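The values are calculated or read from the model by the stated rules, or taken from the named source; none is laboratory data. Predicted model only: the values in this text are computed from it and were never measured. In this analysis, Cβ positions are derived from the backbone assuming ideal geometry, glycine residues included, and neighbour counts consider all displayed protein chains. Ligands, DNA and RNA are stripped out before the accessible areas are found, and what is left, the full protein with its side chains, is counted by its heavy atoms. Shrake-Rupley method; radii C 1.70, N 1.55, O 1.52, S 1.80 Å.
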Amino acid sequence: MSSSHLERQQASFAGSMSAAASKIGTGTKRALAPPSPSPSIGSTTSAAAGVGTPRKDRDTPGASGAGGGGNTGHAVVYSQPANTGTGDSIIAQMAYAVTWLRTKEEPQTYMDVLGYLSGTNRAEHEKEFFVDQMRRHPQIQWIPDPALSEQTWQTGTYMHRPKIPNVRSKTQLLAHLQRKTDSSGVDVKDLKDGWPDCERALAELEDEHKILVVRAKKDGQARMVWLDDPSLFHPIDPELKLMWAKVEVPSADNIVQRLIAAQQKPTSEDPRLKLLQAPKVEKKKKRAQRRTGKSTNTHMEHLLKDYSYMKR
């Protein structure tokens with residue numbers, strides 16, 4: 001009976017296997033699921049650079065159907081910042097307006113500035129806001145129209161306001177230096193803000209001994225400018241300059257000894273070093289003498305006298 005039960009189990013197993021084999025052979029092959037839309041760092045980098053492998057269903061506009069997967073349009077790059085239009089705002093271009101006005105010697109209207117910035121087609125409220133910001137800018141000077149009693153946002157002209165105003169020539173520079181009430185110099189960087197091509201004029205004034213120019217050792221560019229007096233300049237014979245250059249100067253290590261040998265005091269000698277180098281003399285401490293306290297009961301001195309000598 002056990003053998004017959006085993007045969008029935010084998011027959012049932014064989015039938016189930018044959019049924020499963022028929023379903024696999026005659027069924028339709030299922031398509032694999034698409035990969036995850038979260039690419040790796042390398043894939044996003046290649047996609048952003050445009051060097052990735054093109055796909056018909058992703059990169060070809062209008063591709064559709066079974067082969068294309070029904071996708072249309074351009075490729076979608078994941079994990080990339082969106083184009084926010086930074087710099088497209090007309091206020092964000094104010095720095096370009098200041099730079100452009102710096103190159104103009106004549107006043108310009110607001111339409112000239114907007115024409116340079118390609119903003120003439122902006123809405124009127126944007127233009128009015130831009131004009132208001134130009135009038136508030138510290139490096140832009142608004143010149144009202146003298147022919148009008150009332151000014152609007154469309155009237156007047158605009159010029160660049162430099163850090164050092166009204167200095168664009170050698171005469172104006174000398175006048176500005178003469179008006180200074182202190183000994184401070186003029187920074188060439190601030191001077192170039194209103195006079196960009198001042199290098200040649202500075203070199204000419206320096207050769208005429210009308211200004212003193214401090215230059216950088218690396219590139220020789222002017223850094224600071226002071227007023228000079230040509231009457232204080234005296235030419236020196238070139239032969240004397242050559243003789244002066246040939247005089248041998250002791251090295252820094254020996255110059256102190258040479259000056260001391262010549263009975264001269266070196267200016268670099270620190271007087272505190274003598275105190276440090278002098279031998280220390282040990283001072284013996286004196287023992288403090290004990291002082292008796294001051295008597296305060298003077299009114300009883302007659303009672304404290306010694307009368308022992310009077311005994312018999």
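For residue 184, the conditions (1) open to solvent by 60 Å² or more (accessible area, probe 1.4 Å); (2) without any contact (Cβ under 8 Å) to a residue 24 or more places away in the chain; (3) within 30 Å of the chain's Cα centre (by Cα) are fulfilled apart from (1). Of the residues making up segment 194-207, just one is surrounded by fewer than 13 Cβ atoms within 10 Å (Cβ to Cβ), modelled with pLDDT under 90 and over 23 Å from the mean Cα position of the chain (by Cα), namely 197.
Tally the residues that are within 30 Å of residue 251 (Cβ to Cβ) and either open to solvent by less than 90 Å² (accessible area, probe 1.4 Å) or at pLDDT 70 or above (or both), restricting the search to segment 272-312.
Taking segment 272-312 as the starting set, the residues that turn out to be within 30 Å of residue 251 (Cβ to Cβ) are 272-279.
In the following step, the residues that additionally are either open to solvent by less than 90 Å² (accessible area, probe 1.4 Å) or at pLDDT 70 or above (or both) were identified as 273, 278-279.
Qualifying residue count for the region: 3.
Sub-6 Å Cβ pairs linking a first residue in segment 158-179 that is over 17 Å from residue 199 (Cβ atoms) and of a type in the set (A, V, I, L, M, F, W, C) to a second residue that is at pLDDT 90 or above and part of a loop (DSSP other than H, G, I, E, B), at least 6 apart or interchain, are 159/107, ordered by first then second residue.
Of all residues in segment 146-159, those satisfying the criterion of being assigned to a loop (DSSP other than H, G, I, E, B) and open to solvent by less than 60 Å² (accessible area, probe 1.4 Å) are 153, 155, 156.
For the condition assigned to a loop (DSSP other than H, G, I, E, B) and under 29 Å from the mean Cα position of the chain (by Cα), residue 162 qualifies. In segment 210-232, what residues are aliphatic (A, V, I, L, M) and open to solvent by 80 Å² or more (accessible area, probe 1.4 Å)? Once the filter is applied, which keeps residues that are aliphatic (A, V, I, L, M) and open to solvent by 80 Å² or more (accessible area, probe 1.4 Å), segment 210-232 yields 212, 232.
The set of residues in segment 165-181 being in a loop (DSSP other than H, G, I, E, B) and open to solvent by 70 Å² or more (accessible area, probe 1.4 Å) consists of 165, 166, 168, 181. In the set (1) modelled with pLDDT of 90 or more; (2) out of contact with any Pro (no Cβ under 9 Å at 6 or more places or on another chain); (3) part of a helix (DSSP H, G or I), the condition left unmet by residue 191 is number (2).
Within segment 244-256, is there a residue that is of a type in the set (Val, Ile, Thr), part of a helix (DSSP H, G or I), at pLDDT 75 or above and surrounded by 10 or more Cβ atoms within 10 Å (Cβ to Cβ)? Within segment 244-256 (the criterion being of a type in the set (Val, Ile, Thr), part of a helix (DSSP H, G or I), at pLDDT 75 or above and surrounded by 10 or more Cβ atoms within 10 Å (Cβ to Cβ)), the answer is yes, since at least one residue qualifies. Of the residues 266, 235, the single one that is surrounded by 10 or more Cβ atoms within 10 Å (Cβ to Cβ) and not β-branched (Val, Ile, Thr) is 266. The residues of segment 99-121 that are more than 31 Å from the chain's Cα centre (by Cα) and open to solvent by 70 Å² or more (accessible area, probe 1.4 Å), listed by number, are 106, 111, 121. When we screen 168, 223 for residues that are within 27 Å of residue 143 (Cα to Cα) and charged (D, E, K, R), the only hit is 168. Annotation for segment 123-143: at least one member residue is at pLDDT 85 or above, assigned to a loop (DSSP other than H, G, I, E, B), open to solvent by 90 Å² or more (accessible area, probe 1.4 Å) and of a type outside the set (Val, Ile, Thr).
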